[in-house]
Amino acid sequence: MSAATNPAARPLPQSWRLLGSVLAVGHLALIGLYALAAPSGPWQFNIGSRSGVSMADGPAFARTLSEHVTEPYFLYPLRMTHNYHFSSDRHADFAVYFEVHLTKADGNVVHRKFPDDKANLWVRHRQQLLAQNLVPDQRLPPRGNVRLPAPGKELPKVEIWFRDEPMTLRVKRVDENDDILRSPVVDQPSPWAKALVKSYLRYLCREHNAVKGELIRVSRPTVHPTDLIAPRPAEEFKELRSHFEEYRREE
Amino acid sequence: MKNDGSTNAPANADAPATTVEPTESAWMRFWFTPMPTTGLHALRVLSGLLFLAWLLSFLGHQREFFSLTGWFGKEAYVEVQRQGNLAPAPIGWSMLYLADESVEMFQAMYWGSLVVLALFTIGVATRITGVLTWVIVVSFLANPAINYDGDYMLGILAFYMALVHLYVGQWSRDLSIPARILGSRGDMLLANRLFPDDAPPAPSFAANFVLRLMQIHFVIIMLTSGLHKLQIPEWWSGVAFWIPLHPTFKTTLESLERERPGAAFTLFYLSLAQYLVLAWQIGLPMFAWRAGWWRVALVGGAIVGWVGGFYIYQLPLFGPFMVIMALSYLTPEEWKAVMERLRPRASETAEAQAVASEPVAVGSGAWKQGVKK
């Protein structure tokens, strides 16, 4: 960038070169190890009478070193805790947007939809990321024997998705021993989705001075190229509306 | 790494660009050959522009996205940690937590961050602004509700940019104390016009060393990502691009019916394009360090990836990150050729003299000829 001639660089001592080599190999090895330690799959498995699909853990040496050394002491402080298995490569099972209904003290209701079609591309993208965090739901494990409460206590309630009309789900709290929990397929919102919904409704209620808010997730199974050849039933192209628990502002 | 041995060999006997002995091993030549900082400055400007565009994209929504009074508020952070870190990605440290629930403090941090990123981009006090840039980029990754893979890639880029600017010139240049602490004024954009009397900087060991780290890190990212894709049924069967091109809420049974006659044709080309992407990613270590027309595959592939990724996935960050990382493989000679083409014609003669007198580190004559055509 200049008209003059560059001076030569002073030679680097051998000891510095060795130190640099060690640091370079160590740094890159730890990054490679972290990528190797990531789970892979899903893979088909068939062990005895059990079969299905499951993720496979990374090799034990990589996992152990990553969990106990690499991540806590090196990659986490540097915020390099990504294993380069990009989630965007894996297609979501459901496409999602959500609606919010905010009720003000005077009874007026404000309706909002996210992602907001009027927002710019970057903001819409972030709103879409928030929406996508609301899926998937969590499947309840099979129930065992009838549970008894501790003396003087009540059994905890279980939150489940309950279908109260076609293509509509609502969160319902049922007893631990409710027969509905013995159905083969019972889903509930994931703790992560619930935390997000609560946080977002808290924010919106505060911003709009609303007394309560409700978030409705609207989802549809992702369209797949197999639908070109053998389309799924028309029912699967309809939108499923899932009403999360209402949030009430405490003041 | 095929041409690393010759990458930084002097182009002519008068150019004292390197201090590498011909007897040194390929390893030492690869890592410890000092290089001119032209390419590094270009990468810094491009990275800085990317960081600025990223942070500016939140303008008007910064509080709702990142403040502890926003979408993911203080109570949510506490609750998520209390329940055993529910977030899909680890929630790390962030300078934004210092603002707590003070909106004024948060806004001051946001606007201050933009100023720091701008200063780093134009090359002011790069040792300080480089580290601050990394702190800023990492801090804005803190919201687990809205961050995605592309954000983490910016953290990697910022880390290497901070690292290289911290060390560049510390050994190979005779710097004043302020320049050792703040950075050389020669780092500034248009420094050769602002300070025409300054002696040109000596080639830097740190520039080469950190760029090598970046290059190998990028190969690890692309290779891992490519191999991971092959574990996903849609990528293996070649329909991965078809799905995002058919947004679920806009696709109906009728639209699929209309598409059916040409489906075989569409799937053929989409699967071909998709496997070209896989070939680029998995094959990267084999051509990333090769000169000549392989550079077209490297940089051109990254640019096509940017355009394609944006069009298909609507992802705004992966593309520019890939292009900047791909440019990190260019040799000093190749950067010189690029700069020559970018310079305005009016100053062509004077600049040509300057270029001619600078030491040249050789990558490949073929590239140079190719560019000059």
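Each value in this text was obtained by applying a stated rule to the coordinates, not by laboratory testing. Remember, it's a predicted structure, so these values are computed and weren't measured experimentally. Every residue, glycine among them, receives a Cβ derived from its backbone with ideal geometry; neighbour counts consider all protein chains shown.
With the cut-off at under 17 Å, measuring from each backbone N in segment B:203-238 to a point 7 Å along the Cα-to-Cβ line of B:Met286 picks out B:219-220, B:222-228, B:230.
Entry note, chain A: relative contact order of 17 percent, from Cα contacts under 8 Å with a spacing of 6+ residues.
Full-extension gain between B:Thr266 and B:Leu175, please, as 0.36 nm times their residue separation minus the C-alpha to C-alpha distance. All intermediate terms of the calculation are to be shown ahead of the outcome.
Values: separation 91, 0.36 × 91 = 32.76 nm, distance 6.01 nm.
Roughly 26.7 nm would be gained on extension.
A full extension of the chain between A:Glu99 and A:Arg182 corresponds to an added length of 26.7 nm, given 0.36 nm per residue minus the alpha carbon distance. Near the amide H of B:Trp289, within less than 5 Å, lie the amide hydrogens of B:Lys2, all on another chain or at least 5 residues away, with H placed in the peptide plane. Springs between Cα atoms under 10 Å define the GNM used for chain A, and in it the highest mean-square fluctuation of A:Ser87, A:Ser21, A:Ser66 occurs at A:Ser21.
Only four residue types carry charge here, +1 at the Cβ of Lys and Arg and -1 at the Cβ of Asp and Glu. Report the dipole size of segment B:36-203 about the Cα centre in Debye, rounded to the nearest 20. Present the calculation step by step, with values, prior to reporting the outcome.
Details: 9 positive and 12 negative charges, 85 e Å.
About 400 debye.
Place a point 7 Å from Cα of A:Leu28 in the direction of its Cβ. Which residues in segment B:164-185 have their backbone N less than 17 Å from it? Under 17 Å, as judged by backbone N against the label point of A:Leu28, lie B:164 of segment B:164-185. From helices alone, chain B scores -18000 deg cm²/dmol at 222 nm; the rule is -39500 (n - 2.57) for each run of n ≥ 4 DSSP H residues, then divide by the residue total. For the protein assembly as shown, the share of DSSP beta bridges that are antiparallel, to the nearest 5, is 95%.
Under a GNM of chain A (C-alpha, springs under 10 Å), which listed residue has the highest mean-square fluctuation: A:Val218, A:Val185, A:Val53? Among A:Val218, A:Val185, A:Val53, the largest GNM mean-square fluctuation belongs to A:Val53.
Taking amide hydrogens as placed 1.01 Å from N in the peptide plane, the amide H of A:Lys212 sits under 5 Å from those of A:Thr103, A:Arg249, each at least 5 positions away in sequence or on another chain.
Projecting the Cα atoms of B:Leu327, A:Pro11, B:Leu194 onto the charge dipole of the protein assembly as shown, computed from C-beta unit charges around the Cα centre, puts A:Pro11 farthest toward the positive end. Using a 7 Å offset from the Cα along the Cα-to-Cβ direction at both A:His208 and B:Glu101, what is the distance between the two label points in nm, to one decimal? Spacing of the two 7 Å Cα→Cβ label points: 2.1 nm.
Computed from backbone phi, the HN-Hα couplings of segment A:79-85 come to 6, 10, 7, 10, 9, 6, 9 Hz, rounded to whole numbers (Karplus: 6.51 cos²θ - 1.76 cosθ + 1.60, θ = phi - 60°; Gly and Pro given as x). In nm, to one decimal, how far is the B:Glu340 label point from the A:Arg163 one, both placed 7 Å along Cα→Cβ? In this crude spin-label approximation the distance works out to 7.1 nm. Count charges around A:His82 for me, please; just the other residues with Cβ under 12 Å from its Cβ, Lys/Arg as +1, Asp/Glu as -1. Result for the local shell: -2. If I take R0 = 30 Å and measure r between the Cβ atoms of A:Ser40 and B:Gln314 in this structure, what FRET efficiency does the formula 1/(1 + (r/R0)^6) give, to the nearest 0.05? For R0 = 30 Å, the calculated efficiency reads 0.65. Would you mind getting me the FRET efficiency between B:Asp197 and B:Ala118? Use the beta-carbon distance for r and R0 = 30 Å, nearest 0.05. Plugging the Cβ-Cβ distance into 1/(1 + (r/R0)^6) gives 0.70.
Going by the alpha-carbon gyration tensor, a ≥ b ≥ c the square roots of its eigenvalues, is segment A:10-130 rounded (a/c under 1.5) or, if a/c is not under 1.5, prolate (a/b greater than b/c) versus oblate? Taking the square roots of the gyration eigenvalues as a ≥ b ≥ c, segment A:10-130 is oblate.
Once a ≥ b ≥ c are taken as the square roots of the eigenvalues of the Cα gyration tensor of chain B, is the result rounded (a/c under 1.5), prolate (a/b larger than b/c) or oblate (a/b not larger than b/c)? Taking the square roots of the gyration eigenvalues as a ≥ b ≥ c, chain B is oblate. Couplings 3J(HN,Hα) for segment B:176-187, derived from phi with the Karplus relation 6.51 cos²θ - 1.76 cosθ + 1.60 (θ = phi - 60°), are 6, 4, x, 5, 5, 8, 9, x, 6, 6, x, 6 Hz, where x marks Gly and Pro.
Let me have the 222 nm mean residue ellipticity of chain A computed from DSSP H runs of 4+ only, each contributing -39500 (n - 2.57), with the sum over all residues rounded to the nearest 500.
Taken over chain A, the calculation gives -8000 deg cm²/dmol.
Whole-Hz Karplus values for segment B:220-237 come out as 4, 4, 5, 5, 4, 5, x, 5, 5, 4, 5, 8, 9, x, 5, 6, 5, 8 Hz, taken residue by residue from phi with 6.51 cos²θ - 1.76 cosθ + 1.60 and θ = phi - 60°; glycine and proline positions read x.
To the nearest ten degrees, helix A:191-208 and the longest principal axis of the Cα atoms of chain A are 80 degrees apart.
Using R0 = 60 Å, the C-beta based FRET efficiency linking A:Leu155 and B:Thr252 works out to 0.85. Cα centroids of segment A:1-80 and segment B:51-119: 28 Å apart.
Normalising by the residue count of segment B:36-203, find the relative contact order in percent from Cα pairs under 8 Å and 6+ residues apart. Let's see the in-between values first.
On the way: 184 pairs, mean separation 42.9, N = 168.
So the answer I get is 26 percent.
Between B:Arg185 and A:Ser54, the modelled labels are 6.7 nm apart [label points 7 Å from Cα along Cα→Cβ]. Each part gets one Cα centre, and for segment B:291-306 versus segment A:135-167 those centres are 55 Å apart. Around the amide H of A:Gln138, modelled in the peptide plane, lie the amide H atoms of A:Gln188, A:Ser190, all under 5 Å away and 5 or more residues distant in sequence or on another chain.
Which whole-number percent is the relative contact order of chain B (Cα, under 8 Å, 6+ apart)?
Values: 452 pairs, mean separation 89.7, N = 373.
Normalised by residue count, the contact order of chain B is 24 percent.
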